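Asks: Structure below; questions to follow.
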Amino acid sequence: MTARCCADVRADTAAGKVTAAETLTGALDRAREVNAGREGLNIFAWRDDDDARRQSASIGDRLADTAPGALLGVPVAVKDNIATLTMPTTCGSRILEGYVSPYEATVVKRLRAAGGIVFGKTNMDEFAMGSSTEHSAYGPTKNPIAPDRVPGGSSGGSAAAVASGIVSIALGSETGGSVRQPAAFCGIVGVKPTYGRVSRFGLVAFASSLDQVGVFGQTVDDAARGLGAIAGHDEMDSTSADIAVPDYTAGANADVKGLVVGLPKEYFPASLDSQIRARCDAAIERLKALGATVKEVSLPHTDLAIPVYYIIAPAEASSNLARFDGVRYGLRLTGDGLRGMYEATRSGGFGPEVTRRILLGTYVLSAGYYDAYYRKAQQVRTLIANDFRRVFDSGVHVLFTPTAPSTAFPIGAISDPYEMYLSDIFTATANLAGVPAMSIPIGRIGGLPVGGQFLASHFDEARMFTAAYALERALGAEAHA
């Protein structure tokens, strides 16, 4: 079962063929169905059905407007680290259990302004630290395609909400691939925009120089409409870019003749799973048949992305998460004096993965190791960004790669943290360089989805969407077979 696409819901709602309340009822019924019982998918951390019904009732007042909203009547799920006024924002962590934000994220305000109905907060790896949505205080989320497997992470709840047919779009967040990798595992579309394209105001910080809000969609068009609704400059976010946002749906029917597609050889190593390579090769042949020029390129510092990411991200996390100490908000556990309270609260509130990254981040920022690790990682990050800049300056319009090195793995199958970190090997570079990237379905292996990834130059999401639209059309039903 799939939710109706954004364009159809919006058109039918505006024409009076369906009410927002009817569309919402379908989403709520489907959410109850897939979350029911011990075998439920555990998609939502929080829902507010009564508030959602109030939102849907107010949609009728907008039908007479000349511009009633690009997401009119469309139900939307939002990751639990994006601030909302009507539901808790807990980041999948016990340390923020029950915390309700006094303000709302800019992206949520923009969803509402576009006519979207925000009705649920999705489960996630605690503080967005993970690649499987197994590291949540509320238990793991299951993959709707294969419930014995992970949906990917850290935005696995949002990916599962779309893949299970509850909603056609959902918001997630990206630090090293946490939208694209779960999109690949769940067989849907996931978009990470250019750093600065979408406001981070109201997104709980993990690693501030890497974090971004991203969009999941059942189709490329759903994702394009979702991103279009939330993108744009925000004076509340100093990292937000004051650059015009194009219509991402404009390339829906455009051809790709003359498009130059680069294939980074570092993303197609000899060790790449042969079946994933075959799905990528088939997608590349479709692009060639459409008139695109495909050529091999090199991003020589790619192999350094994971060690660089796992120095920079934990370092920034150790700083950002210092605010969770039991003093101002969230969990407070008693201890021997002030220091004892700090220790009891943080050790009792944070899970093992968050604790691991705080310890690592504190270490690499310490006086004796800052230059050796953090400064060096930032220097190598610049080299990674320069790799992308050089390739795009050479005339390449978009890059195409696998999204993940494997299909969704069984829940509990990976206990080695380093092995888990390698799930982001093809996605972390885009976050380090700040370029836009997206994953779209390109086929299945043994019934499990495979994702193909497009990357583009800074603020060139429109060309990336054009390529994705074209490949989606060319693959048709094969993308899910």
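Asks: Of the listed pairs Lys79/Lys142; Lys17/Lys192; Lys79/Lys265; Lys192/Lys257, which have alpha-carbon separations greater than 23 Å here?
Replies: Lys17/Lys192; Lys79/Lys265; Lys192/Lys257
Asks: Taking Cα Rg over 2.2 N^0.38 Å straight from the coordinates, which label in [x] 0.97; [y] 0.92; [z] 1.64 is the correct one?
Replies: [y]
Asks: What ³J(HN,Hα) values, in whole Hz, does the Karplus curve 6.51 cos²θ - 1.76 cosθ + 1.60 give for the stretch 174-179 when θ = phi - 60°, with x put for Gly and Pro?
Replies: Along the stretch 174-179, the couplings run 10, 10, x, x, 6, 10 Hz.
Asks: For the stretch 297-415, take N as its residue count and report Rg(C-alpha) divided by 2.2 N^0.38 Å.
Replies: So the stretch 297-415 has a normalised radius of gyration of 1.44.
Asks: Compute the accessible area per residue over the stretch 355-406, keeping the other protein chains in place, probe 1.4 Å, unit Å².
Replies: Counting only protein heavy atoms, the per-residue value for the stretch 355-406 is 50 Å².
Asks: In whole Hz, what ³J(HN,Hα) sequence does the stretch 191-196 give by Karplus (6.51, -1.76, 1.60; θ = phi - 60°), x for Gly and Pro?
Replies: 10, 10, x, 4, 4, x
Asks: What length, rounded to one decimal in nm, is gained on full extension from Val294 through to Asp281, with 0.36 nm per residue of separation minus their alpha-carbon distance?
Replies: Net length gain for the segment: 3.6 nm.
Asks: Per the 1.4 Å probe, what fraction of the accessible area of the stretch 349-410, in percent, lies on carbon and sulfur atoms? Walk me through the numbers on the way to the answer.
Replies: Details: 1690 of 2850 Å².
C and S fraction of accessible area: 59 percent.
Asks: What is the stretch 176-265 by shape, rounded, prolate or oblate, if you read a ≥ b ≥ c off the alpha carbon gyration tensor as root eigenvalues and call it rounded for a/c under 1.5, prolate for a/b larger than b/c, and oblate otherwise?
Replies: prolate
Asks: Can you tell me the order of 80-93, 345-358, 247-260 when each peptide is scored by its average per-residue count of other Cβ atoms within 10 angstrom, highest first?
Replies: Top to bottom by mean Cβ count within 10 Å: 80-93, 345-358, 247-260.
Asks: Quantify, in whole percent, the carbon and sulfur part of the accessible surface of the stretch 125-210 (1.4 Å probe; protein heavy atoms only).
Replies: With neighbouring chains kept in place, the figure for the stretch 125-210 is 55 percent.
Asks: Calculate how many DSSP beta bridges within the chain are antiparallel, expressed in % of all such bridges and rounded to the nearest 5.
Replies: 65 percent
Asks: Report the label-to-label distance for Asp29 and Leu272 in nanometres (one decimal), using points 7 Å from each Cα along the Cα→Cβ vector.
Replies: With each label placed 7 Å out from Cα toward Cβ, I get 4.4 nm.
Asks: Same structure, new question: Binning at 5 Å from 0, report for the stretch 13-130 what percent of all alpha-carbon pair distances ends up in each bin.
Replies: Bin by bin from 0 Å, the calculated values are 2, 12, 21, 21, 19, 14, 7, 4, 1, 0.
Asks: Determine the distance separating the Cα centre of the stretch 1-73 from the Cα centre of the stretch 435-467; give it in Å without decimals.
Replies: Each part's Cα centre sits 27 Å from the other's.
Asks: With the other protein chains left in place, how much accessible area per residue, in square angstrom, belongs to the stretch 177-223 at a 1.4 angstrom probe? Could you put the intermediate results ahead of the total?
Replies: Numbers: 510 Å² over 47 residues.
Counting only protein heavy atoms, the per-residue value for the stretch 177-223 is 11 Å².
Asks: May I pose another question? Given a 1.4 angstrom probe, what's the average accessible area per residue across the stretch 1-91, in square angstrom?
Replies: I get 45 Å² per residue for the stretch 1-91.
Asks: Quickly rank 309-320, 98-109, 59-70 as a protection proxy: mean count of other C-beta atoms within 10 Å, highest first.
Replies: 309-320, 98-109, 59-70
Asks: Can you list residues from other chains, or at least 5 along the same chain, whose modelled amide H is less than 5 Å from the amide H of Val260?
Replies: Here Thr293, His397, Val398 satisfy the definition.
Asks: Follow-up question, since we're still on this one. Determine the shape class of the stretch 117-258: with a ≥ b ≥ c the square roots of the Cα gyration tensor eigenvalues, call it rounded for a/c under 1.5, and otherwise prolate if a/b is greater than b/c, oblate otherwise.
Replies: The shape class here is oblate.
Asks: When Rg is the radius of gyration of the Cα atoms in the stretch 59-104 and Rh is its Kirkwood radius, what does Rg/Rh come to?
Replies: Radius of gyration over Kirkwood radius for the stretch 59-104 works out to 1.17.
Asks: I need the per residue convex hull volume for the stretch 290-342, using only the alpha carbons, in cubic angstrom as a whole number.
Replies: Value for the stretch 290-342: 151 Å³ per residue.
Asks: Leaving out ligands, DNA and RNA, what percent of the accessible area of the stretch 1-113 is carbon and sulfur, probe 1.4 Å?
Replies: 51 percent
The values are calculated or read from the model by the stated rules, or taken from the named source; none is laboratory data. These figures come from a predicted structure and were not determined experimentally. Please note: Cβ atoms are built from the backbone with ideal geometry, for glycine as well, and neighbour counts cover all protein chains shown. Please note that ligands, DNA and RNA were not included when accessible areas were found on the heavy atoms of the full protein model with its side chains. Shrake-Rupley method; radii C 1.70, N 1.55, O 1.52, S 1.80 Å.
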